[in-house]
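What follows is one structure encoded as structure tokens, with my remarks underneath.
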Amino acid sequence: MSRYIEADHLKKSVEGLQDCYNGFSDTYDKACIIGLIDEEPTVDVVQVVRCSDCRFSSNDAEYCDYHRTPTTENRFCSDGRKRA
């Protein structure tokens, strides 16, 4: 399962490694970065389902059967459900 993290916070953590750990081997640096990624807190996200991939839209994604409204290919909403 994917885990979503705060990328800007991680970048700052990695930049801090350069100042603190100069001279370490590439292998150790990779281990530090992987450890930072593992420790990074997750963020709360909602998966987006575009109308063109939604089971509620018509095959041409021009009409939403759920909301009973016209739609466009790139539009999305919180009620979207991915087609099987």
Quiz item: Looking only at region 30-84, which residues are of a type in the set (A, V, I, L, M) and part of a loop (DSSP other than H, G, I, E, B)?
Solution: VAL43, VAL45, VAL46, VAL48, ALA61, ALA84
Quiz item: Taking region 48-73 as the search range and keeping residues that are modelled with pLDDT of 75 or more and in contact with a Lys or Arg (Cβ under 8 Å, 6 or more places away or on another chain), which one is nearest to TYR4 (Cα to Cα)?
Solution: VAL49
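The values are calculated or read from the model by the stated rules, or taken from the named source; none is laboratory data. This is a predicted model, so every value here is computed, not measured. For neighbour counting, all protein chains shown are included, and Cβ atoms are generated from backbone atoms with ideal geometry for every residue, glycine included.
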